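Data block below; observations after.
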Amino acid sequence: MDPLFDRINVRDLLSGHDLSDPSTPLSAPDLRLIISRLESHSLHIKSKVRSYLLSHREDFASLFSQCNDAVFKTNEISDNVSGILSLISDRPIDVEIRKLVDEIGRTTKEAREKREMLGLLKIIVGICERLEGARSAFSDGRLRFAAEEVKELKKALRIGDEEEGEPIVYGLLRKQWADLFDEMQDLFSKFMENAVRFEQDSRTIRVKYKLCVDKMDGIELHTVMEAMDVAGILDYSLAKAADLIIKHAITPAVSYGSPAMFAEDVNQGSKGISETVLKILPSQDCKIVDVDGDAIYARVIQVIKFIFKHICFENGSWIRSFGRLTWPRISDIIISKFLSKVVPEDASKLVDFQKIVKCTSEFEFSLKEMMFISASDGKDYRLSSFSENVEVHFAFRKKTEILGKARNSLLQCDFSLPQDYTSKGPLLKNDGMAINSSNQVVDLIFSSERCVVSKAASQLMELVHQTLQDVCLSSARVALEFYHAVRDAILLYEAVIPVKLERQLDGINQVAILMYNDCLFLSQEILGLAFEYRTDFPDSIKEHAVFADMAPRFHLMAEEILQRQIRIVIFNLREAIDGADGFQNTHQMQQFESAKFSIDQAVFILEKVHIIWEPLLRPSTYKRSMCMVLESVFSRITKDILLLDDLAAEETLQLQRLIHMMLDNLSSLLKSLISAFDSNAKSEEDTSRPIDDLIPSLRKIRKLGELLDMPLKSITSAWESGELMSCGFTILELKDFIRAIFADSTLRKECIWRIENKGGMTTQQSKAMEQYSTQQVHLGVSMLIKLPILEQVDTNCHDLNRWLKKTLPTSQHFSWP
């Protein structure tokens, strides 16, 4: 039948026609030919189909029969399904089935839960029985069995691994286990207290092998140790025994200078050894000092061997547990009572300490063989670590000692002057008149002067020099610690003294001046340390040793202290002068007495400052500081008097009297300034400078005293000659002064006109006056900011004097401040 279903190709029907071109149209004859051939082909196919059916008739009949049977069965099934559906719709059996299934599921779940609860209950009952059994075993003396039960129950109850949502009964069981565990610990502690005892009267440690606790008699110590080991509470139970042995055996054994001796004794009974005794005996010769440590370590080994043999029964695990419990304290005792005390006090004795290092190493090796300390844990070799690092400990000990001496010296110093100290003049080097035997009179490295310092500063620098000498002779590690000790000791002055003397620094006293000298002395000494010692330092220290960074701190502290004193003095002087009420109406007796009292107060303050400052300060510093103070006094008084706008004749005489009285009372002080200046002079030209150059307002107040009783014409002539201008008077001050003293008249107008116009300054005088005014401004600033500025001002003023002498005519020569 396959050829019947083949595809018919049109080209085959028109074999003689060219159909290669699909766009070529077919003619009518072609189409009729195609139709004819198709009909022929169709008849051929029908003939073949008929023949095929006839040849396979039986097969097709069987097929049709099967199809008929299938249709019949389908109808039958359909009828059955319809019947079932009708039954279901009449009676809902599926609901009953579902209920039955649910009930079966619930019953099954309840049965499973009951089985689980029964199993849990069996476990709980079993644990309870084991807990009671363990408790009973303790009462019966079966300690090892009880300890094993406690250990296993710990795992069963997951002690330490609790989870949320567990049954409450587990918590109750864990509580019962914890109570049993506490009872077990207390019981074993009682056993060990009964086993290891110290008898104070006979100074004996007694170890019993047959123990009796809570009606349990004849328990072996070895059994107790095994049970404690099984239960994992060996450390806890041995704690009291360890404390007892450390206190009564180890500590006396290590006692340096008065050690104890030990003797063992074994009491043999009918059933074996009943107890052992370690007797603690006093040393026969208390004067023997064990420098090398052989005897000390031997005594400690003897005690530990006693423990190893008679308490731990030569069990490595037990002695290791005892070692973990006691070795940290034993090593601390050996370090504190022996090793730290034999640390050399001198760097030259460090070599002798190597014997102790060797002995210590052998001691720890013996402990390692007994398994008292670990062979692998480096932390257990604390003694060797300490002894091998003795250089560091030596340096640390010396550093602590150095800082302790420095602190004590600073705290104990009362900043008093030496008893044999007398001031016969300026403190200069190479000056026999000024040499003083006291250690508190010191040389300043970078100055030609000397100064008096406190005992604290003198002792501090003495300690610093001694330590730096040791640095030059020490190893690198020791030298580094000593170097840091020196720096810390110096800085202690900055940390301790200002706090200690804070209240005294707020007054006018010698403490502040001594502290200023201390800081100045320390700053210069610090700068000189590197130059003095650096070449002898160990090579590794030379690169790191720095002292110069500390010097500016002390120099700045010195300047701050001195400036603070100057401000306090000036403040007190201003308060005293304020009492004069501007020197008004001094022709009245009450006002004159008030002004006189203010002047006396100011003079008293100045004399007090003079008495304190001159013996202690360097001449240059004394001159500079006192000139600053006097400048503030004279300029204030001069300013107040020149501000008076109406002066009676008697009033001018009283003011003149006050000025002369003040200058007379200050004559000794002014002479001291001249002496200080002359002693510090560097050339004859400097020596010739008058006192007025040091205190610009002094010349002005002296001239003011003269002007108060000088005729008007003389005042005018003095201005025209430049004399008043050289004293620092200005045109405005002079005009106001004339108007305050002299009544309005033709002569007064003429004189004022001459001062303003005809008596004008030359160009050179104008420049000189301008420069003088600038110096006055600088001087005022230096009084408020820094003292060194004043030195520069003095130098500039002196240069101005020399310039004026060269440029002005001889008749107009005068000195400028």
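The values are calculated or read from the model by the stated rules, or taken from the named source; none is laboratory data. Just so we're clear, the structure is a prediction, and the values are computed from it rather than from any experiment. Every residue, glycine among them, receives a Cβ derived from its backbone with ideal geometry; neighbour counts consider all protein chains shown. SASA here: full protein model, heavy atoms, side chains in, ligands and nucleic acids out. Shrake-Rupley method; radii C 1.70, N 1.55, O 1.52, S 1.80 Å.
Of the residues ARG754, ARG142, the one with the largest accessible area comes first in the ranking ARG142, ARG754, computed with a 1.4 Å probe on protein heavy atoms. For the range 160-233, GluC sites (Glu not before Pro) meeting the loop criterion (DSSP other than H, G, I, E, B) and having at most 16 other Cβ atoms within 10 Å: GLU162, GLU163, GLU164.
Here is the list for the range 157-223: trypsin sites (Lys or Arg not before Pro) lying in DSSP coil, each with at most 11 other C-beta atoms within 10 angstrom of its C-beta, are LYS215. In this entry, the range 496-567 is assigned a mean projected area of 5.4 nm², taken as a quarter of its C-alpha convex hull surface. Projected onto the charge dipole of the range 190-270 (+1 at Lys/Arg Cβ, -1 at Asp/Glu Cβ, origin at the Cα centre), which of ALA260, THR223, ALA239 gives the Cα projection farthest towards the positive end? With unit charges placed on the Cβ atoms, the residue in question is ALA260. When nucleic acids and ligands are ignored and a 1.4 Å probe is applied, LYS109 ends up with an accessible area of around 110 Å². Shown are HIS610, HIS41, whose ranking by accessible area with a 1.4 Å probe and every protein chain present, most to least, is HIS41, HIS610.
Cross-link partners of LYS210 among aspartates and glutamates, defined as those whose alpha carbon lies under 16 angstrom from its own and excluding same-chain residues fewer than eight positions apart: ASP140, GLU193, GLU220, GLU226, GLU275.
For ASP488 and SER448, compute 0.36 nm times the residue count separating them, minus their Cα-Cα distance, and round to one decimal in nm. Net length gain for the segment: 11.5 nm.
Taking all protein chains together and a 1.4 Å probe, the residues MET725, MET661 rank MET661, MET725 from largest to smallest accessible area. With all projection directions averaged, the alpha carbon convex hull of the range 320-400 covers 5.3 nm².
A 1.4 Å probe, protein heavy atoms only, puts the accessible area of TYR209 near 20 Å². Take the range 187-374 with all the other protein chains still there, run a 1.4 Å probe, and you get 47 Å² of accessible area per residue. Rounded to the nearest 10 square angstrom, LEU505 shows an accessible area of 10 square angstrom against a 1.4 Å probe. Applying Stokes-Einstein at 20 °C and 1.002 mPa s to the Kirkwood radius of the range 591-645, computed over alpha-carbon pairs, gives a translational diffusion coefficient of 171 µm² s⁻¹. Cross-link reach is defined here as a Cα-Cα straight distance under 15 Å, omitting same-chain residues fewer than 8 places apart; for LYS379 the aspartates and glutamates meeting it are ASP332, GLU364, GLU388. Phi angles across the range 231-248 convert, under the Karplus curve 6.51 cos²θ - 1.76 cosθ + 1.60 with θ = phi - 60°, into 3J(HN,Hα) values of 6, x, 10, 4, 4, 5, 6, 8, 4, 5, 4, 5, 4, 5, 5, 5, 5, 9 Hz, Gly and Pro given as x.
Under a 5 Å amide H cut-off, with hydrogens placed 1.01 Å from N, ALA260 pairs with ALA253, SER255 among residues at least 5 apart or on other chains.
On the accessible surface of the range 187-374, probed at 1.4 Å, how many percent belong to carbon and sulfur atoms? Kindly include the intermediate steps, with their values, before the conclusion.
Working: 4500 of 8820 Å².
Accessible surface attributable to carbon and sulfur in the range 187-374 totals 51 percent.
Taking Cβ atoms as reference points and 13 Å as the exclusive limit, the residues near GLY582 contribute a net charge of -3, counting Lys and Arg as +1 and Asp and Glu as -1.
For LYS305 and ASP161, the FRET efficiency from 1/(1 + (r/R0)^6), where r spans their Cβ atoms and R0 equals 56 Å, is about 0.85. Across the range 187-374, Cα-Cα distances exceeding 30 Å account for 23% of all pairs.
For the pair ARG754 and ILE674, a Förster radius of 35 Å applied to the C-beta separation gives a FRET efficiency near 0.40, rounded to the nearest 0.05. With each label modelled as a point 7 angstrom along the Cα→C-beta vector, the SER36-GLU401 pair spans 14.8 nm. Available extension along the chain between ASP549 and GLU183 is 125.0 nm, counting 0.36 nm per residue and deducting the alpha carbon span. For the cross-link pairs LYS122/LYS151; LYS455/LYS671; LYS155/LYS240; LYS713/LYS735; LYS247/LYS355, the ones whose C-alpha atoms lie over 22 Å apart are LYS455/LYS671; LYS155/LYS240; LYS247/LYS355. The range 128-152 and the range 30-47 have their alpha-carbon centroids 113 Å apart.
For GLU129 and LYS240, the FRET efficiency from 1/(1 + (r/R0)^6), where r spans their Cβ atoms and R0 equals 45 Å, is about 0.85.
Here the dipole of the range 147-302 is about 600 debye; that uses its Cα centre as origin and unit charges on the Cβ of Lys and Arg (positive) and Asp and Glu (negative).
Normalised by 2.2 N^0.38 Å, where N counts its residues, the alpha-carbon radius of gyration of the range 222-276 equals 1.52. Stretched out straight at 0.36 nm per residue, the stretch from ASP201 to ARG115 would grow longer than its current Cα-Cα span by 24.2 nm.
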